Ligand SMILES: Cc1cc2nc3c(=O)[nH]c(=O)nc-3n(C[C@H](O)[C@H](O)[C@H](O)COP(=O)(O)OP(=O)(O)OC[C@H]3O[C@@H](n4cnc5c(N)ncnc54)[C@H](O)[C@@H]3O)c2cc1C
């Protein structure tokens, strides 16, 4: 049995010159936990060209969804950005990753902090009914350079707010906090600064960081992760993993090559 399953692209949507999302068929045997990633890719010259991708769809959904960057000259994404409905993609059979609720000790407020395509695992998690069962409040923060780069997240949250099942469930629980660094916008600045300065909590009219109640998931650029890791650790928050749940968990949105 090949390590990769062939799946058919069902839809593709381009959000900006550098961001797109797509849906694909899902093998019924492909199981994952919300927040995890898998290897996905294309067959190029007879060989699989694979990269890590977070599932942006939830594990109760029939189709798979991914939210992707377009890297100029990127081996995979220079090709992947050209996929169309009916094309075949490869999806690894095994899902993994640290951004799962089981890696966190119980808490009351869940902070999902992302930059760029780091939003993808949280797109999956905010569609998980158990997350709303286990936390009183979920704050989804998404930082980008430009307003246009927020579009996928805005569309996602709007869709959930208007959803027959999720709408009532998330109305009082999900707080969406988009922010940009390079243009005027209602929330402005880097996520790291907005957390460190308490500005984000002031903006959403909530109390500041509290180790007794806050549990945190981070997914973003290596620089953002490094800064926030240092900041949370300095405040006594412990990093969680599969063997030892903690106050926060981290996943890289990409690796610098
Ligand atoms: C755990 C994990 C989960 C990931 N999930 C996603 C995902 O859901 N969506 C997604 O688009 N990518 C994701 N990535 C990144 C992905 O694996 C590839 O790097 C990306 O698809 C580009 O592939 P490439 O072959 O075109 O270029 P690569 O050779 O892989 O990357 C070239 C360069 O592009 C930059 N880059 C790569 N990916 C990104 C990105 N997402 N955002 C900003 N800059 C980037 C980096 O500087 C990198 O050095 C994830 C990576 C990891 C480690």
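How do 39, 231 rank when sorted from fewest to most other Cβ atoms within 10 Å of their own Cβ?
Sorted ascending by nearby Cβ count, the order is 231, 39.
Out of all DSSP beta bridges in the chain, what portion is antiparallel? Express it as a percent rounded to 5.
Working: 27 of 55 bridges.
Just about 50 percent of them are antiparallel.
To two decimal places, what compactness ratio does the chain give when its Cα radius of gyration is scaled by 2.2 N^0.38 Å?
Cα-based Rg divided by the globular estimate yields 0.98.
What is the helix-to-structure angle for 151-161, meaning the angle in degrees between its Cα long axis and the longest Cα principal axis of the chain, kept from 0 to 90 and rounded to the nearest 10?
70 degrees
What is the pair-distance distribution P(r) of the stretch 204-257, computed from all Cα-Cα distances in 5 Å bins starting at 0, with each bin given as a whole percent?
All Cα pairs considered, the percentages come to 4, 18, 27, 23, 18, 7, 3, 1.
Which three lengths, in whole Å and largest first, does the stretch 101-250 cover when its Cα atoms are put on their principal axes?
36, 36, 26
By per-residue mean of other Cβ atoms within 10 Å, what is the highest-first order of 193-200, 52-59?
52-59, 193-200
Report, to the nearest 10°, how far helix 222-234 tilts away from the longest principal axis of the Cα atoms in the chain, using its own Cα long axis and a range of 0 to 90°.
Taking the Cα atoms of the chain, the angle to 222-234 is about 30 degrees.
So what does the Cα-only Debye profile of the stretch 1-129 read at q = 0.16 Å⁻¹, as log10 I(q)/I(0), no solvent term?
After summing over all Cα pairs, the log10 values are -0.78.
Could you tell me what % of all Cα pairs in the stretch 172-224 have separations over 16 Å? Mind showing how you got there, number by number?
Values: 669 of 1378 pairs.
In whole percent, the long-distance tail amounts to 49.
Helix-only mean residue ellipticity at 222 nm, the chain, DSSP H runs n ≥ 4 weighted -39,500 (n - 2.57), per residue, nearest 500. What is it? Don't skip to the answer; put the middle values down first.
Working: 8 runs with 56 residues, N = 257.
Roughly -5500 deg cm²/dmol at 222 nm, from the helical runs in the chain.
Please build a GNM for the chain, connecting alpha carbons under 10 Å apart, and tell me which residue among 74, 189, 35 fluctuates the most.
Maximum fluctuation in the GNM of the chain, among the listed residues, is at 74.
Each reported figure results from applying straightforward, stated rules to the coordinates on display, with no laboratory input. These numbers come from a predicted model, not from an experiment. Reconstructed Cβ throughout: ideal geometry from the backbone, glycine too, with neighbour counts over all protein chains shown.
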